[in-house]
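One structure is given here, and the rest of the page talks about it.
The values are calculated or read from the model by the stated rules, or taken from the named source; none is laboratory data. In this text the structure is predicted, and so the values were computed from the model without any measurement. Positions of Cβ are backbone-derived with ideal geometry, glycine not excepted, and every protein chain shown enters the neighbour counts.
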Amino acid sequence: MASAAVAPVTQQVSGCAAPAPGPALSGPERGQPLAASVAELPVQDASGKRVPFGALFRERQAIVVFVRHFLCYICKEYVEDLAKIPKSVLQEADVTLIVIGQSSYHHIEPFCKLTGYSHEIYVDPEREIYKKLGMKRGEELASAGQSPHIKSNLLSGSLRSLWRAVTGPLFDFQGDPAQQGGTLILGPGNNIHFIHRDRNRLDHKPINSVLQLVGVQQVNFTSRPAVIHV
């Protein structure tokens, strides 16, 4: 049963000032509460098993990336770069990386094979968590600058997405094409340390800036996985 709309759980944190590296966050980025009603909402894993959203970051801090839909070439290329983050550097910082989509769980395994992504991934097919977190639906015309994670242009990327749609076992968009995503740093427990809501498909948060916020060393996304020691 659909629940009544509620206000977003927290305001967006500005990214205008570059934070100092390290796991300790301060100021308006620290200690924002995630409503218990949101933490209790389920996500599904690749087998269809339902897991409470809050259980994903109850014990440790997590970078949680909500993507638009699995056929989006921009999401595909962004997740391909997320896949390049070595698990060892996340483990050293006691941070987990989680991607959440909004398709059927049947699309998780093919998407992981396509992108090489081997970190945690779940889906919110009814987009209930997207809605409760205030994720935007529709495109806002705003300059997002040059993304270091997107390699394809609009034409070639869109054609590849269409090809994947028509050649896949199920002809669908693998999610609502109008839904935008976002990036959060959550946990341990129901604390929101950082939230960025994408205004349009190109407005994702650069990965290295998120890694810096949780004290994880930057990664070279221009070639094979490599940690940049700074």
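Evaluate the stretch 128-137: report whether one residue or more is touching a Ser or Thr at 6+ places or on another chain (Cβ under 7 Å), at pLDDT 95 or above and under 27 Å from V216 (Cβ atoms). No, that holds for no residue. The set of residues in the stretch 103-127 being in contact (Cβ under 8 Å) with a residue 40 or more places away in the chain and within 22 Å of Q61 (Cα to Cα) consists of E120, I121, Y122, V123, D124.
Where helices (runs of 4 or more DSSP H) fall entirely within the stretch 37-134, none has at least 3 residues that are out of contact with any strand residue (DSSP E or B) (no Cβ under 6 Å at 6 or more places or on another chain), buried (at least 21 other Cβ atoms within 10 Å of the Cβ) and basic (K, R).
Filter the stretch 164-191 down to residues that are assigned to a loop (DSSP other than H, G, I, E, B) and either at pLDDT 90 or above or on the phi > 0 side of the Ramachandran plot (or both), then give me how many there are. First the steps, then the outcome.
To start, the set of residues in the stretch 164-191 that are assigned to a loop (DSSP other than H, G, I, E, B) comprises 168-178, 180-181, 187-190.
With either at pLDDT 90 or above or on the phi > 0 side of the Ramachandran plot (or both) added as a condition, the list becomes 174-175, 180-181, 187-190.
So the count comes out to 8.
With respect to the stated conditions, S158 fails to be surrounded by fewer than 20 Cβ atoms within 10 Å (Cβ to Cβ), touching an Asp or Glu at 6+ places or on another chain (Cβ under 9 Å) and modelled with pLDDT under 90.
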